[in-house]
Each structure stands twice: as structure tokens, then as C-alpha cells.
Amino acid sequence: MALKMQSILSARFDKENSYHIDTYRADGGYETYLETIKGEKGTPEELVALVKESGLKGRGGAGFSTGMKWSFLPKGTDKPIYLCVNGDESEPGTFKDRQIVEFDPHQLVEGVGITCYAIGAHTAYIYLRCEFALGIRRVKDAIRQAYEAGFFGKDIQGTGFDLDVHVHIGGGAYICGEETSLLNSIEGVRPYPRNKPPFPAVEGLFGDPTIINNVETIANIPHIVKNGAEWYSGFGHPEDPGVRLWCVSGHVNNPGVFEIETGFSLQELIDGPCGGMKNGKKLKAVIPGGSSSKVLMPDEVAQVTMDTPTIRGFDSSLGSAGIIVLDEDTDMVEAVRNLMKFYAHESCGQCTPCREGTPWIVKILNRLCTGKGRQEDMDLLLDLASNIEGRTVCALADGACWPLTSIVKKFRHEFEAKVAAATPVGAS
Amino acid sequence: MFPEDVISELEEIRSHYPHAKAAMMPVLHVAQQQKGWLDQETQAWVADFLSVDPIEVHEVVTFYPMLYATPNGEHVIHVCRTLSCDECGARELWAHLKSKLGVERGGTTSDGKFTLRAAECLASCGTAPAFLVDGERHESLSLDEVDALLESV
Ligand SMILES: Cc1cc2nc3c(=O)[nH]c(=O)nc-3n(C[C@H](O)[C@H](O)[C@H](O)COP(=O)(O)O)c2cc1C
Ligand code: SF4
Ligand code: FES
């Protein structure tokens with residue numbers, strides 16, 4: 001499939017005052033929301049069905065059907081329902097939600113409004129990592145402008161619909177992006193992830209039914225409700241349709257965020273919009289879906305297309321669409337050590353395999369990188385990973401194991417070379 | 001502990017939640033902005049303000065890297081040291097700042113002006129190297145530009 005760039009979510013990113021409500025409304029912003037709360041876009045049930053039919057999947061990393069998630073809310077509950085928007089964006093290699101909150105916060109805020117109507121929520125929290133100083137100011141301003149325009153509050157526009165939208169701020173912990181950790185972070189307790197079930201749709205924030213969606217997921221909602229399910233499902237790969245914001249970083253000439261329909265060639269993205277490899281170097285590896293995805297080799301990059309069914313065939317995943325491109329000069333043992341330090345640092349410490357295992361992995365990688373590696377270290381790393389994976393409360397630990405095992409397996413020669421160059425024990 | 005306008009800001013924040021305790025993070029952020037760090041006295045005040053035990057505040061403060069239970073220099077620098085940045089200039093930036101400021105990771109300059117910290121991915125990987133000065137992000141700067149920036153704060 002040819003690479004098709006789009007300008008839907010990113011349409012206003014480069015405009016002057018893109019973050020102001022006047023700019024947004026000049027493009028018809030909030031019209032869909034106002035029609036929605038007047039009931040002109042269908043009943044809440046119909047809106048949930050529409051989002052399901054559109055094929056929209058969560059953009060936070062796990063890729064679960066958004067409409068399906070919404071449909072898991074208990075019917076006819078008398079408990080309050082909450083929407084929490086996940087803007088913790090801390091997966092290494094990922095920087096797309098930041099563009100939305102900084103350059104088009106109203107698109108997100110309108111999405112929050114429509115989503116709350118569809119799921120029957122009257123309170124929404126937009127969770128933003130505290131390092132988004134500018135984004136926090138922009139989203140708070142956007143919410144204030146929306147209140148001033150009479151879009152939020154009680155009995156909005158005489159429709160009887162009530163909605164309050166708030167910003168909640170994180171504290172620099174990657175784990176708070178995990179949805180149940182995020183709930184605990186909002187509740188004001190130590191943010192350990194919760195066991196599932198119960199799922200948040202049934203028992204979430206303050207024990208009440210809660211939907212958690214990523215910033216980009218929610219930013220899509222106004223477009224889908226405005227243009228219809230078929231419009232959206234017509235983009236990209238038929239089995240994984242849509243348009244996504246892809247983040248490219250690392251050794252390319254033109255890194256950045258690119259809005260492209262799913263199903264394009266990864267090689268074409270690197271050679272085309274990204275301007276090829278920096279300094280004319282050769283490609284060594286790509287981590288395609290944020291740091292928690294498995295690495296791809298140059299021959300795989302040449303063949304893979306960026307849609308879930310195809311990348312799965314290459315034993316990797318689209319994750320959070322954070323594409324990290326590494327050139328021939330990259331030391332892959334150092335690269336994986338860098339990432340494993342990240343996971344060890346960010347482990348919340350709740351489960352033993354993750355708390356003890358991730359620093360142990362770092363310790364082994366440290367000795368490999370400092371001339372003290374041992375022949376058995378590669379197998380030890382793989383063995384450790386197999387004892388961690390699938391044995392923890394949340395997916396942080398799995399996310400550490402996937403890049404590790406794939407890099408050890410695919411770049412074993414680089415580990416071997418480090419061992420061969422190591423100072424033998426006892427030599428002076 | 002705080003001037004009246006800050007208290008009313010904190011009360012407004014508290015009203016965003018059905019339970020006062022849930023205002024913990026935003027309240028701590030405001031308190032930290034005011035005080036520079038969260039000493040025992042401030043933590044106790046926050047506990048009282050949110051009607052929780054001091055230990056509950058302490059448990060939260062000690063979890064998050066961006067909440068400070070120890071004092072900092074006048075300005076805090078956070079340099080991203082995660083993969084994309086490290087491969088695209090952060091290693092050089094880190095070495096430069098360490099020697100320029102004469103401190104190690106987490107250290108504060110002898111004049112008390114700067115504290116140098118390492119951070120994990122700041123969601124600015126495409127504009128590496130990324131770093132924060134007092135929470136505000138800077139991207140893709142040359143070492144000369146970094147020097148000029150630090151002169152100006
Ligand atoms: C360790 C960890 C970190 C995560 N970080 C984020 C994040 O920063 N942003 C995000 O949207 N989802 C993150 N997720 C995924 C969330 O748990 C959740 O699946 C997502 O927010 C749901 O929204 P979506 O369905 O719209 O993608 C993370 C998951 C894990 C296990
Ligand atoms: S897997 Fe790691 S981060 Fe997740 S809950 Fe367990 S210890 Fe915490
Ligand atoms: S790796 Fe530095 S901002 Fe992401």
C-alpha cells in the first residue's frame with residue numbers, strides 16, 4: 001500500500017494560535033459536540049456502536065477496540081461514570097500526544113465532551129504528565145475557554161446534560177501511564193497498578209465505572225462522529241484501519257510526527273518523509289512501536305507494513321507508534337542497557353520478578369558493557385526474561401522483556417564480541 | 001503556610017474531586033512551586049488540608065521523581081538520558097553540563113544555583129537532546145545555546 005499522509009489530527013498543528021478556541025471554532029470546532037449533546041448525532045448507544053464500527057483502536061499502546069471498551073460499561077448503573085484521558089505519554093520514543101495537547105488542545109477537549117455524552121459520564125479527568133508544562137497550560141486554557149463559551153457545566157445549552165472537565169497532573173513516573181496506576185495516582189494513593197479483574201469499566205476511579213483512553217484516541221472522536229464510521233474505516237489497512245500519528249526519532253535526517261494511514265511501508269517512511277538516514281549511514285535496527293516493542297532488522301524493515309496483522313507476522317507490534325531508528329554505528333548492547341535502566345528505574349516495585357529482575361538485567365548488561373561480560377550472560381538474560389514475562393501485575397515487566405530478548409537474539413554477535421573482548425578473570 | 005490567593009487556588013483544586021485526598025498530586029505541585037521542595041512541615045500542612053495522615057502524603061511524595069523530599073538548588077535542570085536523546089546529543093550535553101557545573105548526577109553547584117538531574121524520556125525524542133530548566137522544556141539546542149540559556153536564568 002502506498003504511503004498516504006493525512007492532515008486530520010494534525011490539521012492545525014502549524015497554524016498560528018492553533019491552540020486558541022477561535023482558531024478551532026473557525027474550522028467548525030465544537031459543532032459536532034453541540035449537535036451530539038442535543039441528541040442530533042444519535043443516542044449514546046448509537047454513538048458507542050458508531051465508534052465500534054469505525055474500527056478505531058486505542059492509541060495508547062495496547063490497541064484495544066475503543067467502541068468495544070465503551071460497551072463494557074454496566075448498563076443502567078446508578079453509580080457515577082468517569083472518563084480518564086491518559087496523557088502520561090512516557091513510553092520512550094513516543095511524542096505524539098504532546099503535539100495534540102500543545103498545538104490542538106480543543107480537539108482533545110471536544111473529544112472529551114462527545115465521549116462523556118456517549119458513555120454517560122459527567123466528570124472527566126485529563127491526566128497529563130507534569131513535564132508537559134506548556135501542554136498543561138494549554139489544556140487548562142482550552143477547558144476554561146470551553147466553559148466560558150458555555151460548553152461545560154450544568155444543563156449545558158439547555159440540553160439537561162451536565163459535564164465537568166478537570167486536569168490532573170502526574171509526578172514523573174512512567175508507571176502512571178498504566179491505566180490502573182493512573183487511577184490510583186488520581187485517587188491520591190501510591191500509584192501501584194491494580195490486579196485485573198475487576199476491569200476499570202466495572203470498578204475504576206473511586207470504585208466506580210471508568211473508561212480510560214489515550215489522548216490521541218479521544219482526539220479522533222469528533223472526526224469520527226462528524227464524518228461517520230465508514231469514513232474512518234476506509235483509511236489504511238482493512239483489518240486495522242485508520243490514521244495514526246507516527247513518531248520517528250533517532251538517526252534519520254528529518255525526525256518528527258507524521259500523520260499517515262495504517263498499512264504503509266516502514267522503509268518508505270524512513271527514505272521519504274524522514275529524509276533517509278543521517279550522514280548517509282546504513283540502517284542497523286528499528287524499534288517500531290515504542291521502547292516496549294521487539295526490534296526489527298533492516299531486511300524486516302524493508303518488508304514490513306505498519307498495520308497490526310503485518311507487523312505481528314514479524315513478531316513485533318505497533319504499540320504507541322514510537323519508531324526509533326538506529327544506524328550502523330549504534331552499539332546494540334549499550335542501546336538495550338539504556339532501555340533496561342529505564343525499566344528498572346520505572347518499576348513500581350510491587351511484584352518481585354519485576355522489582356528484582358529488572359535491576360539484575362541491568363547488572364548483567366553493565367558488566368557486558370564494561371569488559372567483564374561472561375559467555376553465559378546471553379543465556380542468563382534470556383532465562384531471566386522468561387522468568388519475568390507473564391508473571392507480574394502489569395505489563396511494564398513484559399514491556400522490558402520484549403526489546404531485551406529480541407535484541408539478545410538478533411544481535412547475539414554484538415554480545416559475543418563484548419565477551420570476547422572482555423578481560424579474562426585473573427588477568428592483570 | 002501559604003498566602004491567601006494560594007489557599008483559594010488550593011481550595012478550588014480540591015473542589016474538582018469527590019474526595020479531598022484525590023487532590024493530593026495537584027496540591028503537592030502547587031505547594032512545591034511555592035516552597036521549592038516538600039519539607040516535613042509542608043507535607044504535614046498538606047495532610048491537614050486534605051484530611052489525611054501525614055504518612056499518606058509521605059508515601060506519595062517519595063514515589064514520584066518530580067516531587068522533591070529534599071532541597072534543590074535555585075534552578076533544577078533535568079536532562080533526558082533515554083535512548084533517542086542519548087543517541088542524538090544527550091551524552092555530549094550531559095558531559096558538558098557536568099563539567100561546566102562541576103557536579104555529578106543529582107548534585108548542586110557550590111553557589112547553590114543549579115541542581116543537575118537525569119530524566120527519563122520527556123516525549124521530545126524527535127527534537128533531541130531534550131532537557132528541562134525549572135520544568136520548562138528546551139529542545140535541539142547546541143552546547144553554546146545551552147550555555148547562553150543558563151546564563152540568562
Ligand atoms: C507500563 C505502562 C505504561 C503505559 N503508558 C501509557 C501512556 O503513557 N499513555 C497511554 O495512553 N497509555 C499507556 N499505557 C496503556 C494504558 O494502560 C491503557 O491501555 C491505555 O491508556 C488505554 O487507552 P487506549 O485504549 O485509548 O489506548 C501504558 C501501559 C503500561 C503497561
Ligand atoms: S510489573 Fe513491575 S511495574 Fe508493573 S506492577 Fe509489577 S512491579 Fe510494578
Ligand atoms: S528519549 Fe529523550 S525525550 Fe524521548
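Rule-based calculations on the coordinates, nothing more; no lab input. Nothing here was measured: the structure is a model prediction, and the numbers come from that model. Reconstructed Cβ throughout: ideal geometry from the backbone, glycine too, with neighbour counts over all protein chains shown.
Just to confirm the number: angle between the C-alpha axis of helix B:24-35 and the first principal axis of chain B, 0 to 90 degrees, nearest 10?
That helix lies at roughly 70 degrees to the long axis.
Springs between alpha-carbon pairs under 10 angstrom, Gaussian network model over chain A: which of A:Leu368, A:Leu128, A:Leu404 fluctuates most?
A:Leu368
Of the options A:Phe95, A:Gly207, A:Gly349, report the single residue whose Cα projects farthest towards the positive end of the charge dipole of chain A (beta-carbon charges: Lys, Arg +1; Asp, Glu -1).
About the Cα centre, the residue reaching furthest to the positive side is A:Gly349.
Rounded, prolate or oblate: which fits the range B:4-63, taking a ≥ b ≥ c as square roots of the Cα gyration tensor eigenvalues, rounded meaning a/c under 1.5, else prolate when a/b beats b/c?
On the way: a/c = 1.72, a/b = 1.15, b/c = 1.50.
It comes out oblate by the Cα gyration axes.
Using 7 Å Cα-to-Cβ label points, what is the A:Asn17/B:Thr62 separation (nm, one decimal)?
With each label placed 7 Å out from Cα toward Cβ, I get 5.0 nm.
Please say if the range A:15-124 is rounded, prolate or oblate, where rounded means a/c under 1.5 for a ≥ b ≥ c the square roots of the C-alpha gyration tensor eigenvalues, and otherwise the choice is prolate for a/b larger than b/c and oblate otherwise? All intermediate terms of the calculation are to be shown ahead of the outcome.
Working: a/c = 1.92, a/b = 1.22, b/c = 1.58.
Oblate.
State whether the protein assembly as shown is rounded, prolate or oblate according to the following rule on the C-alpha gyration tensor (a ≥ b ≥ c being the square roots of its eigenvalues): a/c under 1.5 gives rounded; otherwise a/b larger than b/c gives prolate, and the remaining case gives oblate.
Here the protein assembly as shown falls in the oblate category.
Would you mind working out the magnitude of the charge dipole of the range B:4-63 relative to its Cα centre, with +1 at each Lys and Arg C-beta and -1 at each Asp and Glu C-beta, to the nearest 20 Debye? Please list the in-between numbers first.
Working: 3 positive and 11 negative charges, 39 e Å.
Approximately 180 debye in magnitude.
Anyone know which of A:Arg59, A:Arg98, A:Arg374 comes out most mobile in the 10 Å Cα GNM of chain A?
Per the Cα network of chain A with a 10 Å cutoff, A:Arg374 tops the list.
According to a simple spin-label model (label point 7 Å from Cα along Cα-to-Cβ), what is the distance in nm between B:Leu150 and A:Asn254?
3.4
Nearest 10 degrees is fine. How inclined is helix A:412-421 to the longest principal axis of chain A, computing both from alpha carbons?
40
Pick out which of A:Gly236, A:Gly93, A:Gly250 has the largest mean-square fluctuation in a Gaussian network model of chain A, springs linking Cα atoms closer than 10 Å.
Of the options given, A:Gly250 has the highest mean-square fluctuation.
Using the beta-carbon distance between B:Ser15 and A:Lys281 and R0 = 60 Å, what value does 1/(1 + (r/R0)^6) give for FRET efficiency, to the nearest 0.05? Please list the in-between numbers first.
Details: r = 55 Å, r/R0 = 0.92.
Once the sixth-power term is evaluated, E becomes 0.60.
Taking every DSSP beta bridge with both residues inside the protein assembly as shown, roughly what % is antiparallel (nearest 5)? Write down the numbers at each step before the final one.
Values: 26 of 53 bridges.
Expressed as a percentage, antiparallel bridges in the protein assembly as shown total about 50.
To test your reading of the geometry: what angle, between 0 and 90 degrees and rounded to tens, separates the Cα axis of helix A:396-410 from the longest principal axis of chain A?
Computed tilt is about 40 degrees.
Along the range A:361-376, what does the Karplus equation 6.51 cos²θ - 1.76 cosθ + 1.60 (θ = phi - 60°) give for ³J(HN,Hα), rounded to whole Hz, x for Gly and Pro?
Going residue by residue, I get 4, 4, 4, 5, 5, 4, 6, 4, 7, 10, x, 10, x, 10, 4, 7 Hz, with x marking Gly and Pro.
Distance between Cα centroids, the range A:1-80 to the range B:67-121: provide it in whole Å.
40
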